[in-house]
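This report concerns only the one structure given below.
The values are calculated or read from the model by the stated rules, or taken from the named source; none is laboratory data. All values reported here derive from a predicted model rather than from experimental measurement. With ideal geometry, Cβ positions are generated from the backbone for all residues, glycine too; neighbour counts draw on all protein chains shown.
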Amino acid sequence: MTTLRKQPTRTCAACRSKDGKWTLVRVVRLPDGGGVALDPSGKRAGRGAYLCNSEACLTLAFKKGGLARTLKCQVPGTLEAELRTHFAGLTPAPLDTSKTNPE
Ligand SMILES: [Zn+2]
């Protein structure tokens, strides 16, 4: 028997919709003034905010300040570009399992 672990639910900082923790992209405010960083592993320590893997939510999170509000700190504009690159590299539905890509 396989044990299915229920996915924890997180709320998108932009559109406020709830989704599984691993569907959303985590952004973390690093402790001790370490700034804000993208957290693809979802395991870094610090206050986290989540975003849908969507261009619209990314734009909204920065434009409306949803991300800064959730993290309770300033979010550098450079992070928007970083997230955009990250989103572009994500495969929404990896159906082809024959190709193994470490990234
Ligand atoms: Zn969203």
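General remarks:
- Pairs linking a residue in the stretch 18-32 that is in contact (Cβ under 8 Å) with a residue 60 or more places away in the chain to a residue that is acidic (D, E), with Cβ atoms under 9 Å and 6 or more positions apart or on different chains, are V25/D39.
- Only one of the numbered conditions (1) exposed (fewer than 15 other Cβ atoms within 10 Å of the Cβ); (2) at pLDDT 95 or above; (3) more than 10 Å from the ligand (Cβ to nearest atom) is not met by V36, and that is (1).
- Set R5, R44, R26, R16: member being within 10 Å of the ligand (Cβ to nearest atom), among the basic types (K, R) and outside any helix (DSSP H, G or I): R16
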